[in-house]
Amino acid sequence: MYPALEKELETYQKRTPKSRKAHERASNRVPIGVGSNYRYYPPYPLSVRDGKGSRIHDIDGNEYLDHNLCYGALFAGHCHPAVMKAVEKRLRIGTLFGMPHGLELELAEEICARFPVEMVRFGSSGSEITMHSLRLARAVTGRSKIIKMEGGYHGGHDAVSVSVKPKEGQFGDPEHPTAVVSSLGVLKGTADATLVAPFNNLPAVEDLFAENPDDIAAVLVEPIMMNIGICMPDEGYLPGLRDITRRYGAMFIMDEVKTGGKLAYGGACEYFNVKPDIVCLGKSIGGGFPLAAFGASREVMEVIAKQKMFHAGTYNTNPVVMAAGLATFREVLTREAFEHVSKLNQKLLDGYQQTIKKAGLIAYAEGAGANGALMFYPHRIRNYRDWYHIDEDLWTHYWFAMTNRGVLSQPYWWDEQWTISVQHTEADIDEHLEVFADIAPALAAAQEERMTVGPLGTYAS
Ligand SMILES: Cc1ncc(COP(=O)(O)O)c(C=O)c1O
């Protein structure tokens, strides 16, 4: 740690004593004081009091312009009026029945109208959805293995808890990465059924199919890798995966949990003009409520329709969340909203690029739809191993410096990205850019002092 970063951490602690206390107390009963491991960061996370529109307040009373937005789950922004109205209305007439009530059909129609799917099943979290999508692929193909990308995150269940953030010593061959289970408690054998390929590398996927011609049920991919900052697919990559899976009789599953309600009106399917076999949706489609869904063709969904594959959940299609989802699809995720947010994002990306250039930072800004990130790399990253080499202290300096000046530029951790909601304004983007311009010279000075660019153009700090 270097002095400018230490100073930002001191400022953070001076501004947020109540968050520190709250974290200390919570840690006594709740492991690391948070409900989801990602939410902890040292020295302690901010504790939130409230949120409205594009802003939140912490319990010390500090206000923040919020681009965390619950890890990108709030394209609607906080307490969107249309969502609130629909939920409040629903709360008075019954919250949970465990019986059909009509809203499931209405919401399924909305999803089928904009994604290339014919039938939909619902759940409460992205993890459940990717889990059931893999089951669906196995049920349809009668095969057992799946392929995921190195560094890809698809939730917390076992089949995808493989090579999420492997360490350098575990990597293996760059063309044929070693499958590494990513948590204690996951059976080592899980890695036998989850094969791993590098992102943006079609020959590596082709090789895995050639080695396991009749065993691979599905390729599961996030169309833009958004758990390594922002990593765009090369042109032709997604159509290439579509082609390979079709040739080998496997399902092509696109995990649109992040992109689905944020990249474009019809998600990544529309944005990249690809038609996967199964689409996974979550996060922003619920407008702040726990809604997730998977969709596929009638033919694929037949295994559920004929009751050959089991999918269930007490909270599936609960009317409160379905009302939130309907309001979100009809009144938040509109074509105009995507236009508004994309415009704001372009302004933010352009402003970052200008400041990066002016300050002499070795970095770039990358983004699409409602998302973007400051990437501390000399070149555009194409996969997990490119992303792996980052000056973590420099990124931490960026995040705390922005936060101390009232801008939560993105969730904590350098594998995340900013989100812009429909409730953000041009003035919000101006404020974000002013704060970044204010701190960029200090970041550039720190970077120059610390960085040596290695022979492959990667950082050694
Ligand atoms: C691409 C992707 N898929 C799946 C998930 C899991 O969703 P959830 O946290 O709702 O279980 C996430 C969560 O961040 C995600 O980013």
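The values are calculated or read from the model by the stated rules, or taken from the named source; none is laboratory data. Please read all numbers here as calculations on a predicted model, not as lab measurements. Positions of Cβ are generated from backbone atoms using ideal geometry, with glycine treated the same way; all protein chains shown enter the neighbour counts.
Exactly one residue among Leu443, Leu433, Leu361, Leu394 is touching a helix residue (DSSP H, G or I) at 6+ places or on another chain (Cβ under 7 Å) and within 24 Å of Pro166 (Cα to Cα), and that residue is Leu394. Of the helices (runs of 4 or more DSSP H) lying entirely inside segment 50-130, those carrying at least 3 residues that are surrounded by fewer than 16 Cβ atoms within 10 Å (Cβ to Cβ) are 81-91, 103-114.
Being of a type in the set (A, V, I, L, M, F, W, C), closer than 29 Å to Ile304 by Cβ and in a loop (DSSP other than H, G, I, E, B) is the requirement here; does Val140 meet it? Even if it seems obvious, please write down each step before you answer.
Values: of a type in the set (A, V, I, L, M, F, W, C): yes; closer than 29 Å to Ile304 by Cβ: yes; in a loop (DSSP other than H, G, I, E, B): no.
The answer is no for Val140.
Specify which of the listed residues (Glu270, Glu235, Glu256) is buried (at least 24 other Cβ atoms within 10 Å of the Cβ), assigned by TED's automatic domain parsing to the domain that holds Phe199 and not β-branched (Val, Ile, Thr). Going through Glu270, Glu235, Glu256 in turn, just one is buried (at least 24 other Cβ atoms within 10 Å of the Cβ), assigned by TED's automatic domain parsing to the domain that holds Phe199 and not β-branched (Val, Ile, Thr): Glu256.
Only one of the numbered conditions (1) farther than 25 Å from Asn212 by Cα; (2) more than 16 Å from the ligand (Cβ to nearest atom); (3) of a type in the set (Val, Ile, Thr) is violated by Ile285, and that is (2). Of all residues in segment 29-43, at least one satisfies being in the same structural domain as Ala370 (by TED's automatic domain parsing), touching a residue at least 12 places away in the same chain (Cβ under 8 Å) and assigned to a loop (DSSP other than H, G, I, E, B). Scanning segment 392-449 for residues that are more than 23 Å from Ile224 (Cβ to Cβ), assigned to a loop (DSSP other than H, G, I, E, B) and touching a Phe, Trp or Tyr at 6+ places or on another chain (Cβ under 6 Å) returns a single hit, Gly406.
Number of residues in segment 205-231 that are over 22 Å from Leu136 (Cα atoms), within 16 Å of the ligand (Cβ to nearest atom) and either over 13 Å from the mean Cα position of the chain (by Cα) or polar (S, T, N, Q) (or both) equals 1.
Sort through Gly72, Gly51, Gly98 and tell me the only one that's modelled with pLDDT of 95 or more and within 27 Å of Glu270 (Cα to Cα). Give the derivation first.
On the way: Gly51 fails: within 27 Å of Glu270 (Cα to Cα); Gly98 fails: within 27 Å of Glu270 (Cα to Cα).
Result of the check over Gly72, Gly51, Gly98: Gly72.
Flag not set for Ala368, criterion: among the small types (Gly, Ala, Ser), more than 30 Å from Thr334 (Cβ to Cβ) and crowded, with 19+ Cβ neighbours inside 10 Å.
Residues of segment 308-337 that are in contact (Cβ under 8 Å) with a residue 12 or more places away in the chain and within 20 Å of Ala427 (Cβ to Cβ): Ala337 alone.
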